[in-house]
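Asker: Take a look at this one; I'll ask things after.
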Amino acid sequence: MAGLHWPAEAGTARRFPRSVLTDEHGRPLKASTLQVGRNYVFPWPYPATPCFLLDLGRKIEGRNDLRTADGQRYDWPGGVGPRQSVVAYSAICSHKLTHPTRDISFIAYREQATPHSRHARVIHCCSEHSQFDPAAGARVLDGPAPQPLATILLDYDARRDELSAVGTLGGDQFDRFFESFGFRLALEHGGERAARPVGPTTRVLGMDQFCRQQVRC
């Protein structure tokens, strides 16, 4: 397996138990089968915390100029996969914690500009119109969000064409998220299970499979 170069910024990188990304049938997901520009969602590192998986269709270089809301600087490693085009981020907005649920999502990747966004190919949160650049570590392009979306660090096994989630980078929102929505999340995920690690595998779904309604803005 190709080893992940673990980021040196101890204050912004967090390790979690490794989870292999699987398809809807529970088989290891092949990175080369991802559709370019499609929104994929998977729960990680907890069953209650959704993440975006995106194939941006081109090699994505890393960046070394990102900062959390409290000023911690970190380097983002860029894309992975056969074309180094695959990225993953926490789907919890860094402003007011907007996130996809099974019923509705106000946040998603948009390939085209819209009346509310002059930017194309961005993750757009319709709640307050924060926009993040997934090709640049999810840095904030517009709106009130105080920091990038947290990166989900992926390890790519080139021989098997498989992806594993292994950690986070940047300012994750997990503590705030559980403090704000803990009661609902416990009901949805079976009590304390909501905040336990997902385990050795985690299932990836298209946003249209994961969520009943997507708000477009």
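Asker: Give me 211, 125, 217 ranked fewest to most by other Cβ atoms within 10 Å of their Cβ, as a rough exposure proxy. If you can, show how the numbers build up before the last one.
Answerer: On the way: 211 20, 125 29, 217 15.
Going from least to most buried by this count: 217, 211, 125.
Asker: Rounded to the nearest 0.05, what FRET efficiency is calculated for residue 18 and residue 180 with R0 set to 30 Å and r the Cβ-Cβ distance?
Answerer: Details: r = 28 Å, r/R0 = 0.92.
Efficiency computed from Cβ-Cβ geometry: 0.60.
Asker: Related question: Quick one: work out the % antiparallel among DSSP beta bridges in the stretch 13-214, nearest 5.
Answerer: Bridges in the stretch 13-214 are about 85 percent antiparallel.
Asker: Taking the Cβ of each residue in 119, 25 as the centre, tally the other Cβ atoms inside 10 Å and list the residues starting with the fewest.
Answerer: By the 10 Å Cβ count, ascending: 25, 119.
Asker: Which value, in Å³ per residue, describes the convex hull spanned by the Cα atoms of the stretch 56-96?
Answerer: Cα convex hull per residue, to the nearest whole number: 77 Å³.
Asker: Cut-off is 10 Å between beta-carbons; in what order do 111, 162 appear when sorted fewest neighbours first?
Answerer: On the way: 111 13, 162 18.
In order of increasing Cβ crowding within 10 Å: 111, 162.
Asker: If you don't mind, another one. For the stretch 38-121, what does the alpha-carbon gyration tensor say about shape, rounded, prolate or oblate, given a ≥ b ≥ c as the root eigenvalues, a/c under 1.5 as rounded, and a/b over b/c as prolate? List each step's numbers first, then the result.
Answerer: Working: a/c = 1.28, a/b = 1.16, b/c = 1.11.
Taking the square roots of the gyration eigenvalues as a ≥ b ≥ c, the stretch 38-121 is rounded.
Asker: Classify the stretch 102-181 as rounded, prolate or oblate from the Cα gyration tensor: take a ≥ b ≥ c as the square roots of its eigenvalues, call it rounded if a/c is under 1.5, otherwise prolate when a/b beats b/c and oblate if not. Walk me through the numbers on the way to the answer.
Answerer: Details: a/c = 1.89, a/b = 1.33, b/c = 1.43.
Taking the square roots of the gyration eigenvalues as a ≥ b ≥ c, the stretch 102-181 is oblate.
Asker: Quick one: what are the phi-derived ³J(HN,Hα) couplings along the stretch 99-105, Karplus 6.51/-1.76/1.60 with θ = phi - 60°, whole Hz, x for glycine and proline?
Answerer: 7, x, 10, 5, 8, 7, 9
Asker: Further question: How large is ³J(HN,Hα), in whole Hz, for each residue of the stretch 164-177 in order, when computed from phi with the Karplus curve 6.51 cos²θ - 1.76 cosθ + 1.60 and θ = phi - 60°, using x for Gly and Pro?
Answerer: 10, 8, 10, x, 10, 9, x, x, 6, 10, 4, 4, 4, 4
Asker: Quick check for you: which residues of the stretch 168-191 have the amide N under 12 Å from the point 7 Å beyond the Cα of residue 69 toward its beta carbon?
Answerer: Those under the cut-off are 171-177.
Asker: For residue 193 and residue 118, what is the calculated FRET efficiency with R₀ set at 41 Å and r taken between the beta-carbons, to the nearest 0.05? Intermediate results must be reported in sequence, preceding the final value.
Answerer: Numbers: r = 42 Å, r/R0 = 1.01.
With a Förster radius of 41 Å, E is 0.50.
Asker: Quick one: Karplus J couplings for the stretch 210-217, per residue in order, coefficients 6.51, -1.76, 1.60, θ = phi - 60°, nearest Hz, x for Gly and Pro?
Answerer: Per residue, the Karplus-derived 3J(HN,Hα) values read 6, 10, 6, 9, 10, 7, 10, 9 Hz.
Asker: Tell me, what is the percent relative contact order of the stretch 13-214, built from C-alpha pairs under 8 Å that lie six or more residues apart?
Answerer: Details: 486 pairs, mean separation 62.1, N = 202.
For the stretch 13-214, the relative contact order is 31 percent.
Asker: Of the listed values (1) 56, 43, 36; (2) 113, 43, 25; (3) 42, 39, 33, identify the label whose number matches Cα extents along the principal axes in Å calculated from this model.
Answerer: (3)
FYI, it's all coordinate maths here, none of it is from the lab. Since this is a predicted model, take the numbers as computed values, not measurements. Reconstructed Cβ throughout: ideal geometry from the backbone, glycine too, with neighbour counts over all protein chains shown.
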